[in-house]
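Student: The structure that follows is given in the form of structure tokens.
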Amino acid sequence: MPTNSQYKIGVRFESRLRPKYDFRVSTLYLQVGCKKDNAYDDHTLVKLYPNTQSQIEALRDIENGVPKIEILKRSRNLNDTTDILLTPEQLKELKHFVKKEGIAYDIKDNYGRSFEAVERSPRRRVFRSFNVFEYHSYGAMQEHLEMLAKMHPDLLKLAALGSSYQGRRMKLAKISLNPNANNPIIFIDAGIHAREWVAPAMAMYLIHRLVSDPEARHELNGVDWYILPVVNPDGYEFTRTSRTNRLWRKTRSKNALLDCFGVDGNRNYGFKWAVSGVSKNPCDKETYAGPKPFSEPETQMVRNVMITYGKRMKLYVSLHSYGQYLVYPWGYTGDFLPKEWQKLDSLAKMVSDAVERAGGKPFRVMSAGKWYPAAGGSDDFAFGAIGVPYSYTMELTDGYEFLFPERLLHTVLPQFYEGFKVFAAQIGNEFSPTRHKKAFKTVDSNV
């Protein structure tokens, strides 16, 4: 639960500006409104529980046994679920597969009926305050960032990065007590996968705490925070147009040759691009890596931030959901680890311990490619191409797939924040120029 200090600083801010994107997306909703909105109602969610290595191997090739299934999550270790959405016809095929392999499973029928309806009316955001424990439209989030920047000009600056494929403006939140101090940078992004709503919510909560909570000055001492709350705003807004689109993952770029949309942004980065765990089919719903590295304007903007600030960037965290994992490079291979893997592993476990002490679930900590390699990820690019010493993908929450209930945000977001306090302490202690100067003076005085 939030601490008393969190309630004192407040979580609501009055909005005076009319959100631009809510109107535009509402128009889009009218355009697609004739589309059937119960496409997933007859689907079944199946959770598979592998308990042997041979069952893990069998699940890696499950698409060959049951074609065109939607895999929401793959097992990363024994007794960790593989979650699949199936039509009634596919369910029959899957039952033959799991019987043959001896894999235990649970099922949840009529899965689409559990999707919460999204409030599309812009009036809801115009006359209401912004609550950090709710899911918001992209326009509402951008409006709130603008307001925070006006309220805290000494702490928060917004830097324009460019526009998404569909023209949504993207801005980087730069939080610093002293922008001229040459402090190490913690770079956090979220929402590269459209359906993972809890990730942008966590990013917005981080910004809110860092600029609004006086106690957060500890996390800003000797460290600058750069946060991009939604990397894929087009996809994110698309998931809000109807229940049919709620599980969309990719960007919304149009393929020049086929009537297909989108690229998996987390397979689109230019380090070991497309060597493993990707699809080369533009119509693949999940892991199409794009026609070339950085084909998407959204991944180009993240790359540019990393290149511009790479010398100062000491920690990169990409927020995702779900499964409660905290993973580090390499993602493109599970055959070997980077030589620095023990430092990565140790810090991740410290973060997990802090979250658990705050009442949250511990993270599963491991190399990203340990169980299934996937190339072209942003964490590998940050670590392997830019040289960021600490790079992670954080998979938030467990138990609700991509539909984490809004009512539980007030519980889990503060818990995750405790882990980010550990990140900040480590980066400050290891890389802060102020602390290095003090250490140098101490050594020099003893000479």
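The values are calculated or read from the model by the stated rules, or taken from the named source; none is laboratory data. A quick note: this is a predicted structure, and the numbers were derived from the prediction, not measured. Positions of Cβ are generated from backbone atoms using ideal geometry, with glycine treated the same way; all protein chains shown enter the neighbour counts. Heads up: the accessible areas ignore ligands, DNA and RNA and are worked out on the full protein's heavy atoms, side chains in. Shrake-Rupley method; radii C 1.70, N 1.55, O 1.52, S 1.80 Å.
Student: Got a number for carbon plus sulfur as a percent of the chain's accessible area, 1.4 Å probe?
Tutor: The value for the chain is 52 percent carbon and sulfur by accessible area.
Student: Helix 20-32 against the longest principal axis of the chain: what's the angle in degrees, Cα atoms only, rounded to the nearest 10?
Tutor: The angle comes out near 0 degrees.
Student: Run the quick spin-label model on Y49 and E430: label points 7 Å from Cα toward the beta carbon, then report their separation in nm to one decimal.
Tutor: Those two pseudo-labels are separated by 3.7 nm.
Student: What length, rounded to one decimal in nm, is gained on full extension from S279 through to N131, with 0.36 nm per residue of separation minus their alpha-carbon distance?
Tutor: Here the answer is 49.5 nm.
Student: Additional query: Counting only heavy atoms of protein chains, what accessible area per residue, in Å², does the chain have with a probe of 1.4 Å?
Tutor: It amounts to 43 Å² per residue over the chain.
Student: What do you reckon, how do T308, T393 stack up by accessible area (1.4 Å probe), largest on top?
Tutor: Correct descending sequence by accessible area is T308, T393.
Student: Continuing with the same structure: Would you kindly calculate the translational diffusion coefficient of the stretch 44-118, applying Stokes-Einstein with the Kirkwood radius from alpha carbon pairs, for 4 °C and a viscosity of 1.567 mPa s, and quote it in µm² s⁻¹ without decimals?
Tutor: 103 µm²/s
Student: By accessible area of protein heavy atoms, probe 1.4 Å, what ranking do L72, L158 get, highest first?
Tutor: Largest accessible area first, the list is L158, L72.
Student: Still on this model: At 1.4 Å probe size, with no ligands or nucleic acids counted, give the accessible surface of T397 in Å², nearest ten.
Tutor: For T397, solvent-accessible area is about 10 Å².
Student: Here's another thing I want to ask about it. Can you give me the relative contact order of the stretch 44-118 as a percent, contacts being Cα pairs under 8 Å and 6 or more apart?
Tutor: Relative CO of the stretch 44-118 lands at 46 percent.
Student: By accessible area of protein heavy atoms, probe 1.4 Å, what ranking do F261, F423 get, highest first?
Tutor: F261, F423
Student: A further question on this structure: Using label points projected 7 Å from each Cα along Cα→Cβ, tell me how many nm separate K254 and K292, to one decimal.
Tutor: 2.1 nm
Student: Then there is this: Scan (i) 40, 28, 19; (ii) 43, 32, 16; (iii) 34, 27, 21 for the value of semi-axes √(5λ) of the Cα gyration tensor in Å calculated from this model and give just the label.
Tutor: Here semi-axes √(5λ) of the Cα gyration tensor in Å agrees with entry (iii).
Student: With every protein chain present, what accessible area does D109 have (1.4 Å probe, heavy atoms only), rounded to the nearest 10 Å²?
Tutor: Approximately 90 Å² of D109 is accessible to the 1.4 Å probe.
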